[in-house]
Every structure is written in C-alpha cells, then in structure tokens.
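Just below is one structure, and these are the notes that go with it.
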Amino acid sequence: MKTALIVRHVEREGAAAYLTPMEAAGYRIERLNVAEPGAIDTCFLDPDLLVVMGGPMGVYERHLYPWIGPEIEKIAKRIERNRPTLGVCLGAQMVAAAMGAQVYRGPQAEVGFDAITLNGAATRSPLRHLHEVPVLHWHSDTFDLPRGAELLASTSGYPHQAFRRGANVLALQFHAEMGEDPRFEIWLDHFREDFGCCPQREAALRSDYAAHGPAAVAAGRAMVAQWLSEIEPCH
C-alpha cells in the first residue's frame with residue numbers, strides 16, 4: 001500500500017478534509033508531529049506522498065523553532081527527486097523556501113473566507129474545482145514565486161496563493177481542507193492570541209464557516225483527488 005506522511009507543526013492543523021481523497025486513492029496515512037523528540041530525523045524521501053501542513057510560526061523564525069531549517073532541507077531533497085509533495089499554508093511557505101524563494105511577512109493578516117482568482121494555467125489544473133468557491137484564509141506571511149514554479153492563484157492582498165512545479169509539487173496558501181472540522185473552534189481560540197480577534201469578528205468567522213465550509217470542503221477534496229490522479233511516476 002502507498003504511504004502518505006502528514007507533517008504537523010501543531011496538533012490543531014492536520015489534513016482534515018484532504019484525508020478522504022488520500023484514502024480513496026489508496027494511501028495509508030501516517031502522521032509526524034515535528035515538536036516530538038527525534039521527529040525531524042524522520043526520512044522525508046520514503047513516503048509516496050508528503051503533506052506539509054500549517055502552523056502559526058514563520059519560516060524565518062528558525063531561532064525559535066530549530067526544526068524549521070532541517071525540515072526545509074528535507075523538503076528540498078524530496079523536491080529535487082520530484083517526489084509528490086503538497087504544502088498547505090506554512091507548508092506552502094516551506095515548499096517555497098525549499099525551492100530557494102524568500103518567505104516574509106505580508107502587508108496584513110488575511111483571515112476569513114474569500115474566493116481565489118485563478119489564472120489561465122489554473123483553469124486547466126486541479127484548482128479549477130475552486131473556481132468562485134470561497135475558501136478559508138488564515139495567515140500573515142507570504143513568499144516570492146520560486147524559480148521554475150507555475151503560479152496558479154491569487155487574491156487581491158496576496159498575489160501568490162498557489163503554485164505548482166510540474167505534476168508532483170503543489171503549494172496552497174489557503175485552507176480548502178477546513179470547512180467541516182470541529183478543530184475550527186480551537187483555531188478561533190488561538191485567533192484571539194495570534195491576530196487580536198474581537199468578539200464580533202469571531203462571530204462572523206463562525207457564521208461564514210457554517211455558510212461556506214461545506215462547499216469549500218467539497219471543492220478541496222475534488223482538487224486533491226484530481227491532483228493525486230495526475231501525479232507522475234518517480235524514477
């Protein structure tokens with residue numbers, strides 16, 4: 001059976017709705033919590049699929065999180081071999097860094113549901129399933145487009161929302177995996193700490209999650225299912 005390793009930087013950010021298409025495609029799910037002792041010694045080349053999830057830390061905070069540098073090096077080696085890799089939010093930023101791009105603070109926090117704008121390439125990519133579908137954004141960092149990457153999507157505040165390199169490397173700044181996961185309440189708890197959320201904003205986010213979440217999840221699952229079906233064999 002094929003294996004998918006999900007790398008988690010905090011427990012509240014797992015693959016969520018993306019698990020369904022992974023399991024349907026025949027992957028056995030394994031999880032790695034990077035904060036656990038010895039976790040970063042795990043080989044990133046062995047799994048058939050690597051999924052790097054989000055977290056509140058920044059790629060540039062290596063002095064606070066000593067595992068960031070080694071993790072990026074492991075992702076880089078995997079990308080060099082064209083091993084199937086999916087990065088989500090912080091994971092997307094790590095993929096960008098592993099490909100030599102700069103990661104830095106953005107102009108403002110982007111938190112809430114909004115549709116992404118697909119470019120011409122994206123309309124023929126797995127991201128076509130997200131056309132005009134509001135998805136959850138929850139970040140304040142961004143990155144330069146890596147050399148050799150194909151830009152797929154943007155928003156007005158963040159032009160680099162998604163990119164791919166060939167068929168096997170996909171990076172998503174947004175969270176189309178979140179929309180029906182009860183851990184969203186934990187995200188709201190941390191929102192107060194990370195972004196200074198007010199009660200009115202928290203209530204609006206909860207309402208939008210209920211209104212837009214199911215459609216976002218359905219589109220996100222379709223996107224990942226198509227991406228997995230298009231992965232090219234590694235030699």
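The values are calculated or read from the model by the stated rules, or taken from the named source; none is laboratory data. A quick note: this is a predicted structure, and the numbers were derived from the prediction, not measured. Using ideal geometry, Cβ is built from the backbone for each residue, glycine included, and neighbour counts are taken over all protein chains shown. In case anyone asks, the SASA skips ligands and DNA or RNA and just uses the protein heavy atoms, side chains included. Shrake-Rupley method; radii C 1.70, N 1.55, O 1.52, S 1.80 Å.
Before moving on, here are some points about what is shown:
- Rounded percent of accessible protein surface that carbon and sulfur make up, the chain, 1.4 Å probe: 50 percent
- Under a 5 Å amide H cut-off, with hydrogens placed 1.01 Å from N, residue 60 pairs with nothing among residues at least 5 apart or on other chains.
- As a ratio to 2.2 N^0.38 Å, the alpha-carbon radius of gyration for the chain is 0.93.
- In region 112-235, a dipole from Cβ-located charges (positive for Lys and Arg, negative for Asp and Glu) runs towards its positive end, and of 224, 135, 112 it is 224 whose Cα lies farthest in that direction.
- The helix-based estimate of mean residue ellipticity at 222 nm for the chain, built from -39,500 (n - 2.57) per DSSP H run of four or more residues and divided by its residue count, is -10000 deg cm²/dmol to the nearest 500.
- Filtered GluC sites (Glu not before Pro), region 60-153: DSSP coil and at most 12 other beta carbons within 10 Å: 61, 132
- When the P(r) is computed for region 118-235, the part past 25 Å accounts for 29% of the Cα-Cα pairs.
- Cα-centred dipole magnitude for the chain, charges only on beta-carbon of K, R (+1) and D, E (-1), debye, nearest 20: 540 debye
- Accessible area per residue for the chain, computed on protein heavy atoms with a 1.4 Å probe, is 43 Å².
- In this structure residue 192 has an accessible area near 110 Å², from a 1.4 Å probe over the protein heavy atoms.
- For region 78-173, diffusion coefficient by Stokes-Einstein and Kirkwood Rh (Cα), 10 °C, 1.306 mPa s, µm²/s: 120 µm²/s
- Cβ-Cβ FRET estimate between residue 128 and residue 102, R0 fixed at 25 Å, reported to 0.05: 0.30
- Square roots of five times the Cα gyration tensor eigenvalues for region 1-80, Å: 22, 15, 10
- Extending 7 Å from Cα along the Cβ direction at residue 206 and again at residue 23 yields two label points whose distance is 2.8 nm.
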